[in-house]
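K.L.:
Supplied in C-alpha cells, the structure appears directly below.
The values are calculated or read from the model by the stated rules, or taken from the named source; none is laboratory data. Remember, it's a predicted structure, so these values are computed and weren't measured experimentally. Positions of Cβ are generated from backbone atoms using ideal geometry, with glycine treated the same way; all protein chains shown enter the neighbour counts. Heavy atoms of the whole protein, side chains included, go into the accessibility calculation; ligands, DNA and RNA do not. Shrake-Rupley method; radii C 1.70, N 1.55, O 1.52, S 1.80 Å.
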Amino acid sequence: MSLPESFHALIVGLTLCALFACFVREWLKPDVAVMSAVAFLMGIGLLAPQQVLGVFGNSAPITIACLFIISGALSKTGCVDRLGDWLGALAGHSERRLLLAMLAVGLLVSPFINNTPLVMVMIPAVISIAGRYGVAPSRLLIPLSYATILGGMTTMVGTSTNILVDGVARQHGLEAFRMFEITAPAMAIALLGGALLLWLAPRLLPVRETLTQQFAGSGERLFMTELFVPEGSHLAGRTLKDARLANDTIKVLKLFRGDRETSVPAPNTTLAVGDRLVVHSRSGGMIELRGSSDLMGVQGQGGDQHDLEMLRRRGVVMVEAIVGQISRYVLRPIRDLDLATRYGIHLVAVHRKNASMADIGDDFQLQFGDVLLVEGTPAQIKRFCDNGDLLAITEGHAPANRRGKAPIALATIVSVMALAACNVMPIEGLAMIGAVVVVASGCLRADEAYKSIEWPILVLIFGMLALSVAMHDSGLDQLLASALVGVGGGLSPWMMLSLVILLTSIATEFISNNAVAVLFTPIVIGIAEHLGVDPRPFVVGVMFAASASFATPIGYQTNTLVYTAGNYRFSDFARLGIPLNLLVWVAASVFIPLFWPLLPA
C-alpha cells in the first residue's frame, strides 16, 4: 500500500495521538497499545519490517534487561532486605526521623539499584516500621517512591529512562554519556527535592487505613474453623442462616458433602448429616455460637454430643499482597487462581484505584499494582507469596536464603559502574557480563533471572523505538521541532530549554516515562539544531524531566505500587507531586546550563 509522502507525517502524528489517548484512557496495556501502533504503521507501509527488526540492535533495552537481572540478584541475596534493617535502626521513634531515614535510604541506594524492585522490597519494611511506631503508612509511601525517583536520576544506571535517552541520542550522532556525567546537577536537584519532601510531606499527606485495617474491624482474633454435622444434629435440614452460620461474624467458606465441594455456599443452603464446613469467624462469633441455647452450642473434641462438632481451629491472619508487573496473575480472572484449593487461603478483597471490592466475581481480572487482601494460616500465606508473583506488604516476605552470595552481587554492580566510569568497556557490555556473573555464580537461578526482567517495559521500549524511526523517516520529528521553535518565537535557548523540560514533565505524568523519553529525545535534538546550539543540555533536560513523574500515580511504576499499597487517592499525588514537579523544573532549568553551556554547535 503506497501513500503520498506528504501524508506520512500526518498519519504518524495521528497514530501517536491515538496511542497517547490509549495510554491515558487505559484501553489497552501500554506494551500492547504500542505494538498495535507499530503493526498498523507496518500494515500501511510507513514502517518496513526491516526497520522494526533494526530497533533490536539498540543497546539500551538490552542494558536495561541485564540491570534488571543484577537488581534481582541483589534482592535474592538479601542486599536489599538489609535496607529495611538499616531503616529500622535509623528511624528512631518519631515520624519525622523515620521520614528522614527513609528519604536518605531512597536517595542513596536508588542510583545503584533499579527503583521498581527496590520499592517493592521497601514497602513491607516501611509498613512494618510505621506500625511499630503508630504512624500511618500513607504518610510515608509516597515519599518513598519520590525519593527513589530522585535518586535514580543521578546515575546512568539508576533508571531505565537515562539509559534509553542515551541510546536514542547516540543513534542521532551524540557522544555517549559517561556513568557519572549527570550526577552533580542531578544530586543537587535530588537534595532539594528531598528537603521539600521533608518539609511538605508531614503537612500534606493524609492518614489512610490500609485494607487490613479496614477489614480487621474490631481487632478480634480471626479463626479458620472446621465444623462437622453429626448424627442426630438438630441442624440437619436447616439453612446456614437459620443455624447462625451466615452473618457478620461467621461465614462458611467451604461445604464438603460426600465427594462434592461447594465454595462460599449461599445462606439458604440446607445442612445435612455428615456435612463438613470450613468456617471463617471472629473469636466473638464462636463464643456466641458456643453459648447459643437453641442450637445447643458447638462441641470441642472429646465433649458431649452437640449439633456441631469442632474438628480443628487454626489462627489465621489477613495479609496484603501486591501484584507485580511481570506476575503471571496479571490479566487472569480470579477463578483461574483457585486459591482455596491450591493454597487453602481465602481472597477477602482487592484494592484498585481507590476502590475496595469485597464482592469479587470469578471473571474479575487482576492488574499490576492491585493489592489482594488474603487470609489463611501463616504457613499458607507464606506458600502463596513464595511463588514470586506476589509480594506480601503487611507481613513481610520470605527472607533471602542466599546471603552468602551477597558479596558477589554487590561486587558485580560496583564493578559494572566503576568500569563503565573508567571507560573500560561500554555499559551494555559490562551489564551483560554482570548479568551472566550473578546467574553463573548462583546469586540468581536462571528461571529467576527471566522473571526479574520486566518484559512489558522492554516490549514497550522496542515498540517506541520503532515509532521513533517512523517519526524520523516521515519528518514528523523535524516538523514538531520547527513548530516548537516557531511557537517560542524569539525565546532564547535557555528559555526554550526550560520550556522543553516543562513540556516533557507534563507529558510523563500521563504517558509512560520510557515512551516520553524515546519520543521527545529526537524532537529536542531537532530543536537544538534549529537554534544552532549544542543539543546535549536539551537531551539532559529530557532525562531529568521524563523521570520526574510526581503528580499522578500512573506516570511511573513506583508510584503505581505505593498508590494501592498506601490506599491513596489520585489527588494525594497531585497535592505533594505538583510542588515537587515545579521544583525539579526550576532547578533543572538553572543547573543544566551551568554544567552544559548553551553554546553554538
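K.L.:
Answer yes or no: is there a residue in region 44-61 that is under 21 Å from the mean Cα position of the chain (by Cα), part of a helix (DSSP H, G or I) and closer than 27 Å to residue 132 by Cα.
P.N.:
Among the residues of region 44-61, not one is under 21 Å from the mean Cα position of the chain (by Cα), part of a helix (DSSP H, G or I) and closer than 27 Å to residue 132 by Cα, which makes the answer no.
K.L.:
Looking for whichever is open to solvent by 10 Å² or more (accessible area, probe 1.4 Å) and at negative phi here; the options are 538, 510, 550, 573. Which one fits?
P.N.:
510
K.L.:
Here is a follow-up. Can you pull out the residues in region 226-252 that are touching a Ser or Thr at 6+ places or on another chain (Cβ under 7 Å), open to solvent by less than 50 Å² (accessible area, probe 1.4 Å) and not hydroxyl-bearing (Ser, Thr, Tyr)?
P.N.:
Across region 226-252, the qualifying residues are 240, 250.
K.L.:
Still on this structure: Residue 556: modelled with pLDDT under 90, under 25 Å from residue 192 (Cα atoms) and surrounded by fewer than 24 Cβ atoms within 10 Å (Cβ to Cβ), yes or no?
P.N.:
Considered against the rule, which asks whether it is modelled with pLDDT under 90, under 25 Å from residue 192 (Cα atoms) and surrounded by fewer than 24 Cβ atoms within 10 Å (Cβ to Cβ), residue 556 comes out as no.
K.L.:
Right, residue 187: more than 27 Å from residue 453 (Cα to Cα) and in contact (Cβ under 8 Å) with a residue 24 or more places away in the chain or not?
P.N.:
Considered against the rule, which asks whether it is more than 27 Å from residue 453 (Cα to Cα) and in contact (Cβ under 8 Å) with a residue 24 or more places away in the chain, residue 187 comes out as yes.
K.L.:
When you check residue 598 against the structure, is it without any contact (Cβ under 8 Å) to a residue 24 or more places away in the chain, touching a helix residue (DSSP H, G or I) at 6+ places or on another chain (Cβ under 7 Å) and among the aliphatic types (A, V, I, L, M), yes or no?
P.N.:
No, not satisfied.
K.L.:
So which helices (runs of 4 or more DSSP H) stay within region 333-436 end to end and still have 3 or more residues that are farther than 25 Å from residue 447 by Cβ and at pLDDT below 90?
P.N.:
Counting at least 3 such residues, we get 406-421.
K.L.:
What tally of residues in region 253-274 results from selecting those that are at pLDDT 85 or above and open to solvent by less than 20 Å² (accessible area, probe 1.4 Å)?
P.N.:
3
K.L.:
Please list, ordered by residue number, the helices (runs of 4 or more DSSP H) wholly in region 67-158 having 3 or more residues that are at pLDDT 80 or above, under 24 Å from residue 205 (Cα atoms) and more than 18 Å from the chain's Cα centre (by Cα).
P.N.:
95-109
K.L.:
Identify the residue in region 118-177 that is more than 14 Å from residue 546 (Cα to Cα), of a type in the set (D, E, K, R) and out of contact with any Leu (no Cβ under 7 Å at 6 or more places or on another chain) and, among all such residues, is least open to solvent (accessible area, probe 1.4 Å).
P.N.:
170
K.L.:
Sticking with this structure for a sec: Pairs, please: C-beta under 8 Å, at least 6 apart or cross-chain, first residue without any contact (Cβ under 8 Å) to a residue 24 or more places away in the chain and in region 35-50, second not hydrophobic (A, V, I, L, M, F, W, C)?
P.N.:
As it stands, the answer is 42/49, since those pairs meet every condition given.
K.L.:
From the list 198, 174, 205, pick out the single residue that is under 21 Å from residue 152 (Cβ atoms) and in contact (Cβ under 8 Å) with a residue 12 or more places away in the chain.
P.N.:
Matching residue, one of 198, 174, 205: 198.
K.L.:
Could you please find all residues in region 10-63 being at positive phi and open to solvent by 60 Å² or more (accessible area, probe 1.4 Å)?
P.N.:
Hit for region 10-63 is 26, nothing else.
K.L.:
Suppose the filter is at pLDDT 90 or above and among the basic types (Lys, Arg); does residue 536 pass it?
P.N.:
Yes: the conditions hold for residue 536.
K.L.:
Can I ask one more? Consider residue 106 carefully, then state whether it is touching a residue at least 40 places away in the same chain (Cβ under 8 Å), crowded, with 19+ Cβ neighbours inside 10 Å, in contact with a Ser or Thr (Cβ under 9 Å, 6 or more places away or on another chain) and under 20 Å from residue 133 (Cβ atoms).
P.N.:
Criteria met by residue 106.
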